[in-house]
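Asker: Starting off with a structure, shown below.
The values are calculated or read from the model by the stated rules, or taken from the named source; none is laboratory data. What you see is a predicted model; the values in this text were computed from it and never measured. Note: ideal-geometry Cβ built from the backbone for every residue, glycine included; neighbour counts use all protein chains shown. Surface areas here come from the heavy atoms of the whole protein model, side chains and all, with no ligands, DNA or RNA. Shrake-Rupley method; radii C 1.70, N 1.55, O 1.52, S 1.80 Å.
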Amino acid sequence: MKKINLNKRDGSIVEAEIKVLDLTYMDAIMKLQHNIYDGLENKSFYACSDKEEFEDTIKGNGKIIGCVSLKDNELIAMGVYIEYGYEDHNYGYDINIHGEELLKVGQLESTVVSEKYRGNRLQKLMCEILEEVGGNAGMKYICATVAPDNKYSVNTFTNLGYKIMADKLKYGGLRRYVLMKELC
């Protein structure tokens, strides 16, 4: 999709590619997710997904976009886009969207960046690419959730034009802002 250069925390420059991930990346997806979670001081910032959820996304109801180093194929960052339609997981329900409008809600299920590469604005880039995926699919709204205390992610989303629409308990009792952005 797109080639970029990234600054690694050790000062080196890494050439990477943003691309759609397929099932061959499943182990890398799971490893990145667990590394992110294990590295968080505040574990409530991230709710891990199971392998089957990622597989279902790749096989049908969404896309996983990854930032992969060209040298060693390391998964540096990923973003997950899903369309849930009328399923209970649709964030549209949380912000009082009903009926056929639910079919116009795409959601950013996850955006994570390896700690070694933070500061490259990768979360913002992933969100922008996933918004484009939703727009190309005809979505009217893009929704996401974020822990209210995760000021970096809250700032990323609000700077991208997302509005905080609700404050809910999600993912087994974790407090989350439900954010929404209208696509043109």
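Asker: Select from segment 1-44 the residues that are among the acidic types (Asp, Glu) and either assigned to a helix (DSSP H, G or I) or more than 22 Å from Gly62 (Cβ to Cβ) (or both) and list them in ascending order.
Answerer: Asp10, Glu15, Asp27, Asp38, Glu41
Asker: Separate question: Out of segment 62-94, which residues are within 23 Å of Glu182 (Cα to Cα), of a type outside the set (Ser, Thr, Tyr) and open to solvent by less than 50 Å² (accessible area, probe 1.4 Å)?
Answerer: Once the filter is applied, which keeps residues that are within 23 Å of Glu182 (Cα to Cα), of a type outside the set (Ser, Thr, Tyr) and open to solvent by less than 50 Å² (accessible area, probe 1.4 Å), segment 62-94 yields Gly62, Ile64, Ile65, Met78, Gly79, Val80, Ile82, Gly85, Asn90, Gly92, Asp94.
Asker: Determine the pairs where a residue that is charged (D, E, K, R), located within segment 130-142, has a partner that is open to solvent by 30 Å² or more (accessible area, probe 1.4 Å) and not in a helix (DSSP H, G or I) with Cβ atoms under 9 Å apart, the partner being 6 or more residues away or on another chain.
Answerer: Glu131/Lys181; Glu131/Leu183; Lys140/Glu182; Lys140/Leu183
Asker: Where the second residue is at pLDDT 95 or above and basic (Lys, Arg) and the first is open to solvent by less than 40 Å² (accessible area, probe 1.4 Å) and in a loop (DSSP other than H, G, I, E, B) and lies in segment 95-119, which pairs have Cβ atoms under 9 Å and are six or more apart or on separate chains?
Answerer: Ile97/Lys104
Asker: Looking at Lys116, Lys63, which is the one that is farther than 18 Å from Tyr171 by Cα and modelled with pLDDT under 95?
Answerer: So the residue among Lys116, Lys63 that is farther than 18 Å from Tyr171 by Cα and modelled with pLDDT under 95 is Lys116.
Asker: Okay, next question. When residues of segment 31-61 are filtered for being buried (at least 16 other Cβ atoms within 10 Å of the Cβ) and farther than 13 Å from Glu109 by Cβ, how many remain?
Answerer: Number of matching residues: 3.
Asker: Among what's in segment 134-184 and is basic (Lys, Arg) and open to solvent by less than 50 Å² (accessible area, probe 1.4 Å), pick the residue that is nearest to Cys48 (Cα to Cα).
Answerer: Ranking the candidates gives Lys170 first.
Asker: Restricting to segment 129-152, count the residues that are in contact with a helix residue (DSSP H, G or I) (Cβ under 7 Å, 6 or more places away or on another chain) and not in a loop (DSSP other than H, G, I, E, B).
Answerer: Total satisfying the criteria: 6.
Asker: Residue check: is Ile36 within 24 Å of Glu182 (Cα to Cα) and of a type outside the set (Lys, Arg)?
Answerer: Here the answer is no, as Ile36 does not meet what is asked.
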